[in-house]
Every structure is written in C-alpha cells, then in structure tokens.
1. What does the charge count around Leu217 come to, taking other residues whose C-beta lies under 12 Å from its C-beta (Lys +1, Arg +1, Asp -1, Glu -1)?
2. Using only DSSP helix segments of four residues or longer, with each worth -39500 (n - 2.57), what per-residue ellipticity at 222 nm results for the chain after dividing by its residue count and rounding to 500?
3. Round to a whole number: what % of the accessible area of the range 87-137 belongs to carbon and sulfur, probe 1.4 Å?
4. Compare the peptides 210-217, 194-201 by average per-residue count of other Cβ atoms within 10 angstrom and give them in order, highest first.
5. Efficiency by 1/(1 + (r/R0)^6): what FRET value for Glu141 and Ala34, r their Cβ-Cβ distance, R0 = 35 Å, to the nearest 0.05?
6. On a 0 to 90° scale, report how tilted helix 83-95 is relative to the longest principal axis of the chain, with both axes built from alpha carbons and the result rounded to the nearest 10.
7. If the chain between Leu51 and Ala85 were fully stretched, how many nm would it gain, using 0.36 nm times the residue separation less the Cα-Cα distance?
8. At 0.36 nm per residue, minus the direct Cα-Cα distance, what do Ala19 and Thr103 gain on full extension? Give it in nm, one decimal, please.
Amino acid sequence: MTLRGIVFDKDGTLFDFNATWAAWARRVLEAETAGDPARLTPLAAAMGFDLDTDRFHPESPVIASTAREIAQIALPFVAETDLDALLDRWSAMAAQAPQVEATPLIPFLDNLRAAGLRLGVATNDAQAPARAHLSAAGVVEKFDFIAGFDSGHGGKPAPGQLLAFCAETGLDPAEVAMVGDSTHDLDAGRAAGMTCVAVLTGGATRADLAPFADVVLPSIADLPAWLGHAS
C-alpha cells in the first residue's frame, strides 16, 4: 500500500474530543437554559452530555453529527426558535473554544508533509470555526484542503468532502487514508474508496470502530509508525 494523502477529521482526531468540548458544552447548556435545571437536564440528555461527569456519552449526536444537525436536535429544548440564529451563536462560541491537541500538531504535520504526503481536513463542524481552530493551533497553512459541512461538499458519512480533497490534490482515493474517531468518518472513507484509520481520542471505543476500520490506533501520534509499517 502506498499512501500519498491523508484526510483528518478534526474533533476527536486532531483534537481530543472530551478535553476540548466538555467545557464548551457546559457553557452552552447553561447559557441556553439560564441555569434552569428543568430545562438544562433535558437539553443535556438530548445532546448526550453527562452533567455529573462533564463528559459526552459515546452515543452523543455531538460526536459525529454536523453542527446544523446538533442545533436541530437542541432547538426544541431552548428558547430560540430560529435554527440559523442558534447555529450562528453556537458556531461563534465554538470558534473560541480552546482546543486540546491529540499530539503536538506542528511537528506531527511537518513530518507528514516532509514525507511528501498531501493533507486535508474534513469535519462536520462549520468551516469558519474549523479554520479558526486550526489557525489557533498554528497549522491551518499545513493543509492542502479544509472542508466543513457547509463548504459545499456535504457532511460525513457521505463521501463528498473526501472526493473533493482528491479533486483538489489530483490523488486517487486508493492513495488516501481517512483518519477519524467515529463511524461517520469511517463510513465516509469507505464510501470514497479510501483506507480507513480509526483513532480512540473521541467518544467511541475500539469495539465500536474496529468493524469499520482497516486499523485502530490509540491516537494520531501512532500514525507515523503505522505508515512506516504499512508502506
């Protein structure tokens, strides 16, 4: 197998999911319900967030759904009645959420680029906060392609973002690996005809991901060693 490109999911892959998003979720939930337990508890349940542990449940829709889908799930439980307004507000808050890198990203990505790999990001987050997060980490310029669910290619598990990466780079899907932490990522990779690499820095377990992946790694930090072994 010769890989010439890698597409990464963002949340739960480049950035540790619970370490990054738990504090954001708590702030959003309390802001939307004004701390009213009668509204806070059902909203947290709908979003799959455990208020006692400040962690997302493995089946939380927040882990793999698009930002719009998450806002749609929350809409019945908040005072806001305009989906776009809620999505815009949450996207603005998300853009400012401090990101916890799964591994130091600058040297990690520099090493991949030095090996001649073309790199992309395909996320179900919106494009603006995705670019803000990558920019804050100092790595936005290290990617040849960045797509959010609203970039015109659709969201995962459909393969549109991944095929757009191939169109942008001129690579065949068989030369590309999709790296992600959810079955949405792996389903998208499989539909695109790519190698599927799962990582465990999201909410899913090895047992959840193994049936859909060609390999399951603890984190992206283990990717270079696997690439050397697989090539």
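1. Here the count lands on -2.
2. Working: 10 runs with 100 residues, N = 231.
Theoretical 222 nm ellipticity from helices: -12500 deg cm²/dmol.
3. 54
4. Put in order of decreasing packing, that is 194-201, 210-217.
5. According to the calculation, E is roughly 0.30.
6. It works out to around 60 degrees.
7. Result for the pair: 9.7 nm of gain on full extension.
8. Numbers: separation 84, 0.36 × 84 = 30.24 nm, distance 1.26 nm.
Fully extending the segment from Ala19 to Thr103 adds 29.0 nm.
The values are calculated or read from the model by the stated rules, or taken from the named source; none is laboratory data. As the structure is a prediction and not an experimental result, all values here were calculated from the model. Ideal geometry is used to build each Cβ from the backbone, glycine not excepted, and the neighbour counts take in all protein chains shown. Just the protein is used for accessible areas: all its heavy atoms, side chains included, with ligands, DNA and RNA removed. Shrake-Rupley method; radii C 1.70, N 1.55, O 1.52, S 1.80 Å.
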